[in-house]
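Just so it is clear, none of the values below were taken in a lab; they were calculated from the coordinates. Given the structure is predicted, the values throughout are model-derived calculations rather than measurements. All Cβ positions, glycine included, derive from the backbone under ideal geometry; neighbour counts span all protein chains shown.
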Amino acid sequence: MASIYDRADIYDLIEDDSRREIYRKHWETIGNGRNIKSLLDISIGSGNVTLPAADLGVRLSGSDLSKAMLERCQKKAEAGKIDIELKCCDFRSVSGQFAEKFDCVASTGNSLPYVNNEEVLLTMEQMDQLVKKACK
Ligand SMILES: C[S@@+](CC[C@H](N)C(=O)[O-])C[C@H]1O[C@@H](n2cnc3c(N)ncnc32)[C@H](O)[C@@H]1O
């Protein structure tokens, strides 16, 4: 079935520099006093929310169900000279997809409501498995 996320170029039309700055400040607030060096976003999409965290020296990883969104995210990362590890997977089974653990694991952009309440809980357990013990 076709999805808005197949057209990541259209999805991104809403983005501009002012929103990028809002996201950068968001990560600054989240990171305040927490020393976050690595961040995984399990619904990274085209990276609008997450890529600005690179400005703070955070190493980025991301996953998403949509190949088109991930391809656009990769292109934007390359244009901004940002190193990022990206995987195409369902967040309900994300824990097996990454070998390392992260200081922070997020799901940005109101993406968890794509699954039912039981699966939200399952996904949060998956996220928890990917967080470094020292950061819990
Ligand atoms: C509203 S977009 C948010 C994208 C990005 N985080 C942002 O804020 O721009 C929702 C994203 O969730 C992804 N998504 C939906 N269901 C998913 C699932 N079960 N596993 C992984 N990603 C999923 C979609 O492919 C889409 O990229």
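Tabulated data for the structure shown
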read-out	value
Gain on full stretching of the segment that runs from Leu121 to Ala134 - 0.36 nm per residue minus C-alpha separation	2.5 nm
Computed over the chain: relative contact order in percent, which uses C-alpha pairs under 8 Å that are six or more apart	24 percent
Order of Val105, Val120, Val94 under a 10 Å beta carbon neighbour criterion, fewest first	Val120, Val94, Val105
Proxy reagent accessibility, fewest Cβ within 10 Å first, across Thr123, Thr108	Thr108, Thr123
Likely footprinting exposure, Leu121, Leu65, Leu70, fewest C-beta neighbours within 10 Å first	Leu121, Leu65, Leu70
Positive minus negative residues near Lys37 (Lys, Arg vs Asp, Glu; Cβ under 11 Å)	+2
Span from the region 92-133 Cα centroid across to the region 60-77 one, whole angstrom	17 Å
Asp16/Asn110 FRET efficiency (R0 22 Å; Cβ-Cβ; nearest 0.05)	0.70
Proximal aspartates and glutamates to Lys67, defined as alpha-carbon separation beneath 17 angstrom and excluding residues fewer than eight positions away on the same chain	Asp6, Asp9, Asp12, Asp41, Glu78, Glu85, Asp90
Ellipticity estimate at 222 nm from DSSP helix runs (n ≥ 4, -39,500 (n - 2.57)) divided over the chain, nearest 500	-10000 deg cm²/dmol
Phe102 long-range amide H proximity, modeled H, under 5 Å	Val131, Lys132
Out-of-range pairs (alpha-carbon distance over 22 Å; input Lys76/Lys136; Lys87/Lys132; Lys81/Lys136; Lys37/Lys133; Lys101/Lys136; Lys37/Lys81)	Lys76/Lys136; Lys81/Lys136
